[in-house]
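Since the structure comes first, as structure tokens, the remarks are kept for the end.
Every number here is computed from the coordinates shown, using simple stated rules; none is lab data. All values derive from a computational prediction rather than experimental measurement. Counting neighbours? That spans all protein chains shown, and the Cβs are built from the backbone with ideal geometry, glycine included.
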């Protein structure tokens, strides 16, 4: 089954050699959508004893005012555990809004908040969902100068009816190497249950390739650097997004 999952990801990556705009990174852009956008994304997370494939993940974002958009996201996931049958089905759904309350151009700082509500639409018993609603409250900061784009994000996720709360912080640096291609790397630190003794650190590298004026292809590969349970994870993403 794991060979099938990996093959599916490779095929998806090959087919996605065409359009996307929202980044595959954890650290988001502070800019809100100015036109309708739809994104299709595939993600593979490889951990000891378990592979998780998200295919497809669909996100639709719609602008509702200047500097403000709303979005809905849903996905299908396959969980393949060692010595157990694979499970496939709908995962949790997410509703979110982004407010770019400080808009800035070249050489100035931009800021946004992007609250998100996760709904337990996936089966927890089958490993497809968390089984609880959750709300995330991130603050996003961005800065552009020349060919460089720098970003930061700090946030807190509260899981209702569960002790699995989490705080996180991330830093992202991207550089434009051609008019259409940007390369970037990010570092993210997560504190499970808001306990600084339970820190998880991961690093990712990725790209954004603009195709035409309305679309972009994006990809990412990352790995856990430090974890308290010694269950390092490898993560791969490919995305296609178009706006109109």
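Here are a few things to note about the model shown:
- Mean Cβ count within 10 Å, highest first, over the residues of peptides 82-88, 170-176: 170-176, 82-88
- In range of the label at residue 165: residues from segment 110-142 whose backbone nitrogen is under 20 Å from the point 7 Å along Cα→Cβ: 114-120, 130-140
- GNM flexibility winner over the chain from 105, 167, 155 (Cα, springs under 10 Å): 105
- Structure-based [θ]222 nm, the chain - -39500 (n - 2.57) summed over DSSP H runs of at least 4, per residue, nearest 500: -2000 deg cm²/dmol
- Axis of helix 2-15 versus longest Cα principal axis of the chain: the two differ by about 20°, to the nearest ten degrees.
- With a simple spin-label model that places each label point 7 Å from the Cα along the Cα-to-Cβ direction, the separation between residue 198 and residue 147 comes to 4.3 nm.
- Based on Cα contacts under 8 Å between residues 6+ apart, the chain shows a relative contact order of 20 percent.
- For the chain, the calculated P(r) over all alpha carbon pairs, in 10 Å bins from 0 to the bin holding the longest distance, is 8, 28, 41, 19, 3, 0 percent.
- Label point of residue 93 set 7 angstrom out along Cα-Cβ; within segment 118-140, amide nitrogens under 11 Å from it belong to 119-122.
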